1. Please give the per residue accessible area of segment 138-184, computed with a probe of 1.4 Å over protein heavy atoms only, in Å².
2. On a full-extension model of 0.36 nm per residue, what is the gain between D82 and L221, subtracting their alpha-carbon distance, rounded to one decimal in nm?
3. Can you compute the helix-only [θ] at 222 nm over the chain? Use -39500 (n - 2.57) per DSSP H run of at least 4 residues, normalise by all residues, nearest 500 deg cm²/dmol.
4. Would you mind getting the accessible area per residue of segment 245-365, heavy atoms of the protein chains only, 1.4 Å probe, in Å²?
5. Just the number please: accessible area per residue for segment 32-116, 1.4 Å probe, all protein chains included, in Å².
6. In nm, give the distance between the simple-model label positions of K260 and V180, each being 7 Å from the Cα along the Cα-to-Cβ direction.
7. Under 5 Å between amide hydrogens, which residues at least 5 positions from L155 or on another chain qualify, with H placed 1.01 Å from N in the peptide plane?
8. In debye, nearest 20, what is the charge dipole magnitude of segment 178-260 about its Cα centre with +1 on Lys and Arg Cβ and -1 on Asp and Glu Cβ, if you could check?
Amino acid sequence: MLKLPALFKFFANFRTPQKRLLIIKNDAIGDYILSRNFIEIVKKSEIFKDHKIDLLGNELWQDLALKYDSQFIDDFFFVIPDELYELPLKTLKLGWRLFKNNYETVLQPTFARTFINDGLAGLTAAKQIIGVEGDTERINTKYKTKTDRFYTRRLQLPTNICFEFERSRFFFESVLKQPVNITGPSIPVEKSKREGIIIFPGSGVFKRSWEKEKFLALIQLILNNTSQSVILAGGSAELQTGNYLMESLPAGSVDNLAGKTSLIQLVELIGNAVLVIANETSAIHIAAATQTKAICILGGGHFGRFAPYPDHIESRPICIYYQMDCYHCNWNCIYQTRENEPYPCISNVSLEKVWQVTLQMLPAL
């Protein structure tokens, strides 16, 4: 990954690049939701309107991209990024395939760059490879110093731009040399009558999740104060928590869809709910993109980067958090906690505070 890009770049000097663009964006589901609307802008821009546009994405949100973005993308490449570190032959084959596509331009808009993404960008040997200066949260400094050279241009984000959606806006406005007039993430789900309060008790990382006992108490309060149905949702990682909640609640009082929905079904479910209550996960960003009211139980590891949303985004979730001096730690927690305990910035969010906000929203439901 460090040596081959230079060799590929040498061979690229003997060919004329096609009018073809590659966007590398293979982060998690929430990251994609916060950036996907810019793809249409790129497709219709003066600079790239006559280009073939490809997307290198994450298998996690493959179905989402194929359903909502295939009209803007010519070819998709989906990977599981972390697996590529352990599969050098597969990575090389992918790099060779990208090189043969003879891209004129490669865009890598992610601020938290990774070694694998930088390497794949370098292997394209495109005429111009544009990224951001980024940080070292997900790439070792000694490697970043070397992969910096793969880019023909690295944008320096202004220090006052922290929210991921606004970072993407800055990136694409800089590349396209035009204003981007979209106010927030959007997914065009088919609307029916809104009903149901959806609870997402997981977060992908256990220690970033509010305690299941607090979710149980919250659900009991909701059931006692509204006639709206309550639905548990999430991926297979939430099955254990979902089972605990179902066993602790009266039979038939809650529907358990945890691990039982596809990503597309989940988007439609959220898009037609009256309220979503979740940790800071993709569910919160799906809610914002589908104009669904949401309450986000938020920790401090990435505070301001994915949530809270800026005030100008009308569909922003209501975020509930416990402010601590150690915020913005990138989840490198300075506190010692037991294996079965969440980080303090999560566990210190009280049931009373979450219920108070929920209760204020119930009359409108």
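1. Working: 2670 Å² over 47 residues.
That works out to 57 Å² per residue.
2. Fully extending the segment from D82 to L221 adds 46.0 nm.
3. -10000 deg cm²/dmol
4. 46 Å²
5. On the way: 3630 Å² over 85 residues.
Accessible area per residue: 43 Å².
6. Calculated label separation equals 3.8 nm.
7. Under 5 Å from the amide H of L155: G131, V132, E133.
8. Values: 8 positive and 7 negative charges, 41 e Å.
Charge dipole, segment 178-260, about its Cα centre: 200 debye, nearest 20.
The values are calculated or read from the model by the stated rules, or taken from the named source; none is laboratory data. No experiment lies behind these values; they were computed from the predicted model shown. Note that we place each Cβ from the backbone using ideal geometry, even for glycine, and neighbour counts take in every protein chain shown. Just so you know, the surface numbers come from the protein's heavy atoms only, side chains and all, with ligands and any DNA or RNA stripped out. Shrake-Rupley method; radii C 1.70, N 1.55, O 1.52, S 1.80 Å.
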